[in-house]
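The values are calculated or read from the model by the stated rules, or taken from the named source; none is laboratory data. Every value quoted in this text rests on a predicted model; they were computed, and no experiment measured them. Neighbour counts run over all protein chains shown; Cβ positions are idealised from the backbone, glycine included. These area figures cover heavy atoms from the full protein model, side chains too; ligands, DNA and RNA do not enter into them. Shrake-Rupley method; radii C 1.70, N 1.55, O 1.52, S 1.80 Å.
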Amino acid sequence: MTLQVPRSVRQAMPLAREVVEHIAIDYGVCIRPVPMRRIDTHTGKSEIIDVPCGATLETVCPSCAKRNRQLRMAQCREGWHLETEPVITPNQPTEHQRHLVELRADLQAWRDAAQAAGEPTEDFDGAITDLDAEINAAGLRGNVLGRSTPKRTRSTRRRQDAPDLPKRKRASTTLGRTFTAPDGKVYRPSMFITLTLPSYGRVRDGVPVDPEEYDYARAARDALHFSKLIDRFVQNLRRVAGYDVQYFATVEPQRRLAPHLHMAIRGTLPRAVIRQIAAATYHQVWWPAADRVVYDGDHLPVWDEKAGYVDPDTGEVLPTWDQALDALDADPDAKPLHVIRFGPQMDVQGVLAGSKDADQCIRYLSKYLTKSIGDAADPADPVQAEHAARLVEALRYEPCSPSCPNWLRYGIQPKNARAEMRPGCCRGKAHKPEHLGYAGRRVLVSRKWSNKTLAEHRQDRRAWVLEALGLSEEEAADPHRYTWRPVSRNERDVPPLAVRLLRAVAERQRWRAAMQRLQARAEGRTLQDLSATSAADRGRAA
Ligand SMILES: [Zn+2]
Ligand SMILES: [Zn+2]
């Protein structure tokens, strides 16, 4: 007879891995660390060091997401009310940045290997996209990885008419004006702006009153091109403002699942002017028409190694992406695929440096940063889930980019066409329920916002902790002491994840205890008090 563990008991037993993850999260330890090999060039000693995954979403890694949000808040606060011009110097890539780039190369290699083996590549794609965002945020802009595509010189730019806005000569300052009160006090006001997309139909409690009437097609296209509209708004703002306007902005979901924009702006303009700029801002999407379905169901273009995609019946080669754009350029009656504008609902607030309002705006701005756009819909609420599902369906056949397989549906070969593309099955981020059309960056920071990049903020925090603990930063003393390289999957001396997580927790415990001792010394408290506090801490953590 075998001993049967009742099902209910089995379900109540949490997996050891989950328990370890919970503890790690309590201590702010990354639960998906990337092992890197660190080689000490002085001693030749090789060690596995876990680099935090750097995820920005709570669903991926709560510890990294929380830390990222805190760093973003610090970055926003730092630049908002600067009193002197930031000094921007192009930095040599730091060690951290180099790891990111190496990691990127490794991930790409794994992804290619997976694809060659016919395995799913989605996890890699996601990780690569996230990493790209982090590489950009770390201040390594431009062509780090040697990937670049030549820009199309013939362009439809002539059709992007500049809106009718007053234009001022731009002063070479990024600082806003100050105002001196009669009592001599100097005020440095800034702005907090919220911009939304137009209405797609009446909404109550975040869901359409009549889903049949709600314009999902427009909502889908607006979400897909929202980041371009933001770019235009910034261009127009700078054109009108008369100074080099700097901003820190986040893209967040509204309850109706449309993206909207919160923007902290350094300096101030009259509210009426901001409204005028928002109302005059639009973006035209000059892509080929996507309103006539040419191929559908099983009647799809066929891949030919030499010619690309051809008609399944006639064998005629479909126009390539460049040919389709040329035809668009040549047609004097052509219309843009889509024109996107902001909705009338907007909010403009004046904010003073160091005020309570400023802090509240920063919290508000970063409130949902650890959640994805799609998380704004509660999957447990059938009405909200239905609304989200309709939006995903509207996005399914919408081309998300020039290389989207959906172009085949409209009789055009996608840019960089390759075999096995299928309309309705694009792997692009924008089509996914988490993103609901918006695949752009969630945090947008202008180049001269502050003197620091996110990586430098991260470095600051680490240096502060090390200094507070009286530890010396070895790497700072000799930046060439260590070399790093990614660890491949078949290297055997990497301990299991649970072991590595517990080690990191133990390290945090040591650091916490050391910090508490320092604090106690500073406050002149006794050891008894200290042990009472740490007991209380443990109580809270439980
Ligand atoms: Zn992490
Ligand atoms: Zn797509």
Practice item. Label the stretch 168-238 by shape, choosing from rounded, prolate and oblate, from the square roots a ≥ b ≥ c of the eigenvalues of the Cα gyration tensor; if a/c is under 1.5 it is rounded, and otherwise prolate applies when a/b is larger than b/c, oblate when it is not. Key: oblate
**Study point:** the stretch 239-371, dipole about Cα centre (Lys/Arg Cβ +1, Asp/Glu Cβ -1), debye to the nearest 20
**Key:** 1580 debye
Study note, to complete from the structure: Too long for a 23 Å Cα-Cα cut-off, among K335/K429; K167/K335; K66/K448; K167/K356; K228/K432; K228/K335, are K335/K429; K167/K335; K66/K448; K167/K356
Study note, to complete from the structure: Looking only at lysines whose Cα falls under 18 Å of K306's and that sit 8 or more positions away or on another chain, we get K415
Review point. Going by average Cβ neighbours within 10 Å, how do the peptides 340-348, 432-440 rank, with the highest at the top?
Key: 432-440, 340-348
**Study point:** For the stretch 281-348, the Rg and Dmax computed from alpha carbons only, in angstrom
**Key:** 17.2, 58
Exercise for review: Can you check what the net charge comes to around D50, using other residues whose Cβ is under 13 Å from the Cβ of D50 (Lys, Arg +1; Asp, Glu -1)?
Suggested key: +4
**Study point:** Area accessible to solvent at S446, 1.4 Å probe radius, in Å²
**Key:** 10 Å²
Revision key, fill the gap. For the stretch 417-458, the dipole about the Cα centre with charges only on Cβ (Lys and Arg +1, Asp and Glu -1), to the nearest 20 debye, works out at 140 debye
Exercise for review: Restricting things to alpha carbons, tell me how big the stretch 319-395 is in terms of Rg and Dmax, in Å.
Suggested key: 21.1, 58
